Structures are given as C-alpha cells and as structure tokens.
Amino acid sequence: MKSHGRYDLVIVGGGIMGAWALYLSVGQHPEWRIALIEQSTIGSGASGHSAGVSLPLGRTPSQRDLAARSSALYAEAGSSLPFRTSQATACWIVDSGSEESVRESVVGSDLIEPSPSQRVLIKHALPEFRLGHSEAILWGGTARSHEPLATARSLVDHCRGSACVICWEGVGVGGIFPNEDGADLLLEDGRSVSAARVIVAVGPWLPERLGTIAARMRNVRIKKVVALHIEAAPPADAPAIFIPSSDAYLMPLPRRRQWLFSFRSEQWDCEPKVEQTRIDAFDEITAARTLERYVPGLMASCRGGRAFCDAYAEDGAPMLLRDPVAKQVVFVGAGAGAGFRMAPGLAEKALELVS
C-alpha cells in the first residue's frame, strides 16, 4: 500500500471528541504532524445534534472524575475560544430513595434544600411546576449550555492555524491496517496515509472496517437521542430542572427564548443517518409522559428539536479501547448520550494512551 503522507497522529472523526483530541494534541505536542479526517463536515453528525449541556456528574467515581476534568477543560478553552454558552443553576427532583445517590453523583457542589427565594425562582420560570407527594427538590451545581456545532468548529479552527495540522472533510476511512511503525489508513477516495498513532472517534458510526478493535464492540448498540425545543421564553434567572429518575432535564436558553427538554428515548438500533433521523410521534408521547407530570401544558409549546443517535456500551459507560493488534490505535466513544459532556476528558485519556 503506497502512502500519500506520514503523520505523527491521525484522528478519525471530526465530532466533538475528535475536535478535542486535535485541540489537546496540538497543545501538548506542537511539533507533531497531525491529520484530522472527517467523513462529512466538522461537527455535523451526532455532536451537532446534541443537547450540548455540560454539568460535572457521573454514576461512578471514574465517571465523576472524568466529568470534573471535562468541565475544567471546557472552562479553560472557553476563556480564549469563542464558545457560545449560557448557564443556569441546577435543581434536582428527588424522592426519598434517590436523594443520596443524586447528591453523590454531582461533582463539586453540595446539594441543599432550596430557600424560599429559590423556590420563587422556579415558580416564576415555570408557573405550572409541581411535584409528586413523595418528591422533593435539591438545589446546587451549574449547568452550562453550549452550541455544539460552534464549539467543535471553534476547537478545530483554532488548530488549523498550525502549519503541522491538516483537516480533511468529506473523506471517509475505509480501513486501518497495522504495520511495524503504527498503522496505514485506506481512505475511501483510494488514497492512503500512514500514522504513528491513530485515535478513532466516530460516534455512532461503529468502526466495523477500522481494525481488529471492532470485535470488542459487539455489545455496543445505537440508540436514538432526542431533545425538544419548548417555545416559552425563560427568565434570565431561570434554573435548570433535572429529573434523574427519568434521565431528563429542562434547560433554559434565554438567548434563544426557549427551553430545551432532553429525555430518555427507548428507540434502539437506529441507523446513524442525519437525513432519516427525525422527531416522531413516539418521541412526543415519551416526552409528554415525563413533562406533563411536572409542568402540565408545557408540551403544547413544543416546536421541533434535535434528534440523532449515539453508541451505548452494555454498561452505559463510555469506552476507551486499544486495538489488540495495532497498539497505537485507540478507539474512544460510546458516549451513551453524554459524549459532549465527557468529550474533553475522554479525548485527553485517548491521547495519553497513544502518546
């Protein structure tokens, strides 16, 4: 196989995970020749359709560490890059059986009972808001909303200024083949490139043809991920409402004059095709089941939203896998709907593995 270029690192996938891998590698190894290869356009796949909400929380200690690191990296990069963000204080709907686990899951914030003035903020933002008789509210933490497409492109555009970086869009990778110095990548346009290291970050496009690592991903499935846009302008001080028992939340977006309602879809084994993934009647029924319980009537203000899919491992945890044959090829992904939130920390760990 004749190579048309040799790189210190090739990143396959230009979503938020690949964008962070590029940004961090340029910062840590400015001397490396790096190629980012994206089959469509930067950030246009699962990342561009994600809710884009970042909050440091996790079910396990390792996920909480990852979430905390990711939150710090977003803040650090956002101080110099043109991320478009807004933020809201978080409040949590809990029952007696879930209060302790919710407190444990949130990193860096003590969750407390809201004060009378904080309860007024909730009622002012959502006058019809109500709780079940066995439920309570905890207050604490900060949720930040990003424009996901703009965030991914900001990270990549920052790196394009380096003479050592190239970004190819509209180019698919047809195969990864280990060699004694790393791996050769066969591109779908017939060319090939050679790399000392490879990070594969392809979101829900599982890498069946991208090396022997695919055999370790047989238990990964693709599930639909949906967030609705609610056309009801939230006040500037509106809190974000998290409902852990339903894996759902309401995020205020004052600049857009909308609420974003993210909820758990149960549509599995989807095809990752942007042109075919739409909000359907089943999504609306699923959303209404949760939303009408807490804010009756708000569902009537739903006007579209964001729908795509993501990869989910059997245990719901993100994956970081080294190819058993090509040791310098690492797969990172299976974000289980939290890929945007966890991307910086995961990309950092992937870079550590190949470095």
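The values are calculated or read from the model by the stated rules, or taken from the named source; none is laboratory data. All values derive from a computational prediction rather than experimental measurement. In this analysis, Cβ positions are derived from the backbone assuming ideal geometry, glycine residues included, and neighbour counts consider all displayed protein chains. What goes into the accessible areas is simple: the full protein's heavy atoms, side chains included, and nothing from ligands, DNA or RNA. Shrake-Rupley method; radii C 1.70, N 1.55, O 1.52, S 1.80 Å.
Brief remarks on what is shown
- Counting only residues that are surrounded by 14 or more Cβ atoms within 10 Å (Cβ to Cβ) and over 28 Å from the mean Cα position of the chain (by Cα), segment 132-163 holds 2 of them.
- Selected residue (criterion: nearest to the chain's Cα centre (by Cα)) from residues of segment 90-105 that are modelled with pLDDT under 95 and outside any helix (DSSP H, G or I): Ser98
- Among the candidates Arg256, Arg303, residue that is over 23 Å from Leu155 (Cβ atoms) and open to solvent by 10 Å² or more (accessible area, probe 1.4 Å): Arg303
- Residues in segment 151-177 that are touching a Phe, Trp or Tyr at 6+ places or on another chain (Cβ under 8 Å) and either of a type in the set (Lys, Arg) or within 30 Å of Leu121 (Cα to Cα) (or both): Thr151 only.
- Of the numbered criteria (1) in contact (Cβ under 8 Å) with a residue 12 or more places away in the chain; (2) loosely packed, with under 14 Cβ neighbours inside 10 Å, the one Leu73 fails is (2).
- When segment 36-61 is filtered for residues that are in contact (Cβ under 8 Å) with a residue 40 or more places away in the chain and open to solvent by 40 Å² or more (accessible area, probe 1.4 Å), the ones remaining, listed by number, are Gln39, Ser40, Thr41, His49, Arg59, Thr60.
- Annotation: of all residues in segment 1-35 being hydroxyl-bearing (Ser, Thr, Tyr) and under 23 Å from the mean Cα position of the chain (by Cα), the one that is surrounded by the most Cβ atoms within 10 Å (Cβ to Cβ) is Ser25.
- There is at least one residue in segment 325-333 that is surrounded by fewer than 18 Cβ atoms within 10 Å (Cβ to Cβ), closer than 30 Å to Val198 by Cα and touching a helix residue (DSSP H, G or I) at 6+ places or on another chain (Cβ under 6 Å).
- For Arg64, the conditions (1) touching a strand residue (DSSP E or B) at 6+ places or on another chain (Cβ under 9 Å); (2) open to solvent by less than 50 Å² (accessible area, probe 1.4 Å); (3) touching a residue at least 60 places away in the same chain (Cβ under 8 Å) all hold with the exception of (3).
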